[in-house]
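One structure is given here, and the rest of the page talks about it.
Please treat every number below as a calculation from the coordinates, not as lab data. Keep in mind it's a predicted model, so treat the numbers as computed, not measured. Don't worry about glycine lacking a Cβ; one is built from the backbone with ideal geometry, like all the others, and counts go over all protein chains shown.
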Amino acid sequence: MNFSANGTSSTERFEEFFSKILVSVLLGFTIICINGSLVFTFFKSSVFYNNPRYVLYIHLVINDMIMVGVSVTLLVLAYTWNNVRISFCFVLVIIASATQKNTPLILAAMAIERYIAICKPLHHSQICTLHRTFILNVLIWGVGLIPPLTDFVISAIIFPLFIYNTVTVCSSSFLYNTVYHDQRKQATEVIYMSFVWIVLVYTYCRVLIAARKMSSDKESTKKAKRTILLHGVQQLLCMLSFTPPVLDFVFVRILPTQWRKISFYAYLITNIVPRLLSPLIYGMRDQTFVKHLNRNFSFRVLILKVESDKNIVIK
């Protein structure tokens with residue numbers, strides 16, 4: 001009787017893990033494919049890679065692709081393999097954390113670029129150059145890497161060196177579980193989020209003021225206002241990625257039996273779904289991007305259709 005119960009429990013547990021992995025991998029694959037089409041379109045035309053605005057946008061897209069790929073890999077490893085080398089796990093966690101931190105910084109940079117384009121149009125070409133945009137992207141990665149590298153240094157100081165040759169469940173909660181990590185996390189998240197929100201609110205208010213003063217090119221101003229407002233929406237979605245620890249703390253006490261399911265759904269909503277919305281919020285609103293997307297991919301569909309028709313005629 002006990003054996004049957006254990007067998008049923010093991011089967012249900014396997015089915016649950018399999019369904020979670022399948023959903024995560026399919027969503028991750030979908031996001032990477034959609035973003036990959038945007039990256040392909042970007043590099044196909046000089047209209048995009050010679051424009052600082054699109055360079056910043058594609059940086060956001062590529063960053064999200066890396067983040068989703070590594071995040072889903074960590075989820076799969078956590079469910080399927082409990083013997084991951086800590087040294088390899090550190091690399092994955094550092095990349096995942098850095099890309100997560102990069103997103104709000106890139107959004108802030110994009111908002112500043114739109115602010116300069118509307119409020120300082122005469123200086124836009126001198127300030128927002130390609131060279132400075134590439135330097136800014138490197139700086140964003142440098143700043144984004146500071147928190148995870150700090151966590152790594154804290155772990156290296158506290159734990160013996162031989163621990164890096166051992167194996168464990170590959171999760172940040174297993175790697176960074178000291179009070180020093182918690183203090184670092186609280187401090188950097190407050191600084192990061194405060195900086196980004198100040199930038200977004202300031203740029204949006206300045207664009208609103210400029211819109212009232214400008215009598216010409218109102219359409220461009222409206223687009224800039226909507227874009228910066230969408231940056232704010234995206235920033236709210238990004239802030240959701242910092243809520244899982246709070247949700248875990250609350251629901252593990254309220255619904256202890258459903259904690260695993262709630263934790264998984266929280267992961268999807270806070271980490272995966274916002275990355276699915278990014279290309280829709282920005283890329284699909286841009287008429288230039290949509291036109292080149294249609295040109296690149298509808299043309300290929302047409303070729304496939306013509307070739308298939310030829311094969312049918314030959315037969």
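As a proxy for reagent exposure, Phe43, Phe48, Phe17 were ordered by neighbouring Cβ count within 10 angstrom, fewest first; the result is Phe43, Phe17, Phe48. Considering only Leu60, Leu92, Ser46, whose Cα is most displaced toward the positive end of the charge dipole of region 1-147, charges sitting on Cβ of Lys, Arg (+1) and Asp, Glu (-1)? The residue sitting most towards the positive pole is Ser46. Here each label is just a point 7 Å from Cα along the line to Cβ, and for Trp141 and Arg212 those points are 4.3 nm apart. Length gained on full extension, Met193 to Val91, computed as 0.36 nm times the residue gap minus the Cα-Cα distance: 34.3 nm. Estimated at 0.36 nm per residue, the fully extended path between Lys120 and Phe14 surpasses their Cα-Cα distance by 32.3 nm. Couplings 3J(HN,Hα) of region 71-81, computed from phi: 4, 5, 4, 4, 5, 4, 4, 5, 8, 10, 9 Hz, in residue order, whole Hz [Karplus 6.51 cos²θ - 1.76 cosθ + 1.60, θ = phi - 60°; x for Gly and Pro]. Here the gap between Tyr180 and Phe40, fully extended at 0.36 nm per residue and compared with their Cα-Cα distance, gives a gain of 46.2 nm.
Net charge in the neighbourhood of Gln183 (other residues with Cβ under 15 Å of its Cβ; Lys, Arg +1, Asp, Glu -1) is -1. The order of the peptides 95-107, 51-63 by mean Cβ neighbours within 10 Å, most packed first, is 95-107, 51-63.
Take 76-88, 269-281 and order them by the average number of nearby Cβ atoms within 10 Å per residue, most first; the result is 269-281, 76-88.
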